[in-house]
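Have a look at this one before I ask anything.
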Amino acid sequence: MNDAPIQIRAAVAADESAVAGLAGELAQSFPFSRARFEVSYRSLLDTEDACLLVATDGRDYLGYLLGFRHLTFFANGLVGWVEEILVSRGQRGLGTGRALMTSFEQWAAGHGCAMVALSTRRAAPFYRPVTPSGQSMSVEMTNFGPLGWMTDAAGYRYEARHPITGQPWPPIPAVLLTLWADVTEGGPGPDACLVNLYRADARMGLHQDRDERDFSHPVVSVSLGDTAIFRIGGTERRAPTRSFRLASGDVCVLGGDARLAFHGIDRVLAGSSALAPGGERINLTLRRAL
Ligand code: SIN
Ligand code: FE2
């Protein structure tokens, strides 16, 4: 790792081996095949609707993004689709994912796409939770994992099933389990992943995450889509706070002294990212509930 600025550029033939190494890190559902990779790589370089980006610091390869544009009915034409995005282990937390997403968004906009999207496999529907005092939250929620955080008149807690569909929450995507392992110092993996959806004027008041059994495990948060103004203070509600921006691709760990810090979202900067149409932000928080 060095301190040189991150460079994002279109991949060329000479990047093949480096991208193969990175793609092998991403492979989860299918075992990685170098022979099949080579065929796909060469073909992708010749595909006008494909966008293959590499991130480097001038010396090392930091990551890559493979995206496409395709025609849709729902968006009246072209949309950009992120198929794969990977930042190499040991290179994370430096803004590479954010730089790759920004470049892809620029490519998509320059190639006539109305929006950029990526898949959330096996997701359960969002619903609007109600606080124990009966107030409807402005944020919509769903969860991944054996347990999901929820709130209703009976209080804040973790439950194994979706409060509306009654179905178990879908499993936590493997890529998020890998991220947790990379940014935490060992210990058990997460058993819950809260997914918050911020549309329009949604916000989240200052609160502590304290429904988990053991506060020695961190909370790992991933931001996607529009940039949020995140506010964080101390472990007393009245302690001074400061705010900073969480942009698409940012990962934030609440651990150690910050584990019980009061935090919240003042507002979301609508339209600051093209990831979700109409100004939306998705935040994923991985937790160890039990
Ligand atoms: C949360 O505290 O649950 C969400 C924070 C965020 O949306 O970044
Ligand atoms: Fe929180």
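The values are calculated or read from the model by the stated rules, or taken from the named source; none is laboratory data. All figures in this text were calculated on a predicted structure; none of them were measured in a lab. Note: ideal-geometry Cβ built from the backbone for every residue, glycine included; neighbour counts use all protein chains shown.
For the condition on the phi > 0 side of the Ramachandran plot, in contact with a Phe, Trp or Tyr (Cβ under 9 Å, 6 or more places away or on another chain) and away from ligand 2 (no atom under 12 Å from the Cβ), what is the one hit in Gly225, Gly233?
That would be Gly225, the only listed residue that is on the phi > 0 side of the Ramachandran plot, in contact with a Phe, Trp or Tyr (Cβ under 9 Å, 6 or more places away or on another chain) and away from ligand 2 (no atom under 12 Å from the Cβ).
Being in a strand (DSSP E or B) and within 13 Å of ligand 2 (Cβ to nearest atom) is the filter here, so list the residues in the range 199-214 that pass it.
Met204, Gly205, Leu206, His207, listed by residue number.
Among all residue pairs at least 6 apart or on different chains, which show Cβ distances below 6 Å where the first residue, located in the range 200-223, is over 15 Å from Arg288 (Cα atoms) and the second is part of a strand (DSSP E or B) and near ligand 2 (Cβ under 10 Å from one of its atoms)?
Listed by first residue and then by second, the contacts come to Arg203/Ile265; Met204/Gly264; Met204/Ile265; Gly205/Gly264; Leu206/Gly264; Ser223/Asn283.
Can you find a residue that is within 26 Å of the chain's Cα centre (by Cα), modelled with pLDDT under 95, in a strand (DSSP E or B) and assigned by TED's automatic domain parsing to the domain that holds Arg89 anywhere in the range 56-72?
yes
Could you grab the pairs with beta carbons closer than 7 Å, sequence gap of 6+ or different chains, first residue in the range 236-247 and over 11 Å from His263 (Cα atoms), second one within 15 Å of ligand 1 (Cβ to nearest atom) and of a type in the set (Ser, Thr, Tyr)?
The qualifying pairs are Arg245/Thr227; Leu246/Ser223; Leu246/Thr227; Ala247/Ser223; Ala247/Thr227.
Of the residues Gly112, Gly80, Gly93, which is in contact (Cβ under 8 Å) with a residue 12 or more places away in the chain and loosely packed, with under 14 Cβ neighbours inside 10 Å?
Selected residue: Gly112, the only one of Gly112, Gly80, Gly93 that is in contact (Cβ under 8 Å) with a residue 12 or more places away in the chain and loosely packed, with under 14 Cβ neighbours inside 10 Å.
Tally up the residues in the range 1-40 that are touching a strand residue (DSSP E or B) at 6+ places or on another chain (Cβ under 8 Å) and assigned to a helix (DSSP H, G or I), please.
8
In addition: Among (1) more than 26 Å from Ile172 (Cβ to Cβ); (2) in contact with a strand residue (DSSP E or B) (Cβ under 7 Å, 6 or more places away or on another chain); (3) surrounded by fewer than 17 Cβ atoms within 10 Å (Cβ to Cβ); (4) not hydrophobic (A, V, I, L, M, F, W, C), there is one condition Thr56 misses while meeting the rest; what is its number?
Tallying (1) more than 26 Å from Ile172 (Cβ to Cβ); (2) in contact with a strand residue (DSSP E or B) (Cβ under 7 Å, 6 or more places away or on another chain); (3) surrounded by fewer than 17 Cβ atoms within 10 Å (Cβ to Cβ); (4) not hydrophobic (A, V, I, L, M, F, W, C), Thr56 fails exactly one: (3).
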